[in-house]
Amino acid sequence: VAWHYVEQPSIAVTQLKKEGYRIIAIEQTTDSILLHQIQFSRNEKIALVFGNAVNGVSEDVIALADVAVEIPQEGTKHSLNISVCAGIVMWEFFKKMSLQSCGHDPFIYNARVMFVLQCLYFRRHCCG
């Protein structure tokens, strides 16, 4: 898997916007919509931005995003492990892309989804 490191996630998001990606921040905000409400085209270029468990997606990245999307949750704890969150979001996107396939094989589609993980790096916080 090809990857590229940048010091600040906002730099990566700005570049993706220039390349025509729709930026979707996975975060609970005052303006976020629920995951099942998101609409997109199969041929749309999408970048999903996930935050870390402690701080979520940074404010500067949320400001750059085209939309913020949250996973509906019940109860007092409104946080999910990144692997659980990414799995739920990717499954919802896969379902919607499959429904848009108009009878074609759901495993073959043209949508391009880029995942941007805004994480705390081990070397920064554990290695001094």
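The values are calculated or read from the model by the stated rules, or taken from the named source; none is laboratory data. All values reported here derive from a predicted model rather than from experimental measurement. Areas reflect the complete protein model, heavy atoms only, side chains present, ligands, DNA and RNA absent. Shrake-Rupley method; radii C 1.70, N 1.55, O 1.52, S 1.80 Å.
Enumerate the aspartates and glutamates that LYS45 could reach by cross-link, defined here as Cα to Cα under 17 Å, with residues fewer than 8 away along the same chain left out. Output for LYS45: GLU19, ASP66, GLU92. Evaluating 6.51 cos²θ - 1.76 cosθ + 1.60 at θ = phi - 60° for every residue in the stretch 3-16, the Karplus couplings come out as 8, 9, 8, 10, 5, 10, x, 4, 5, 5, 5, 4, 5, 4 Hz, glycine and proline recorded as x.
Counting heavy atoms of the protein chains alone, ASP60 has an accessible area of about 80 Å² for a 1.4 Å probe.
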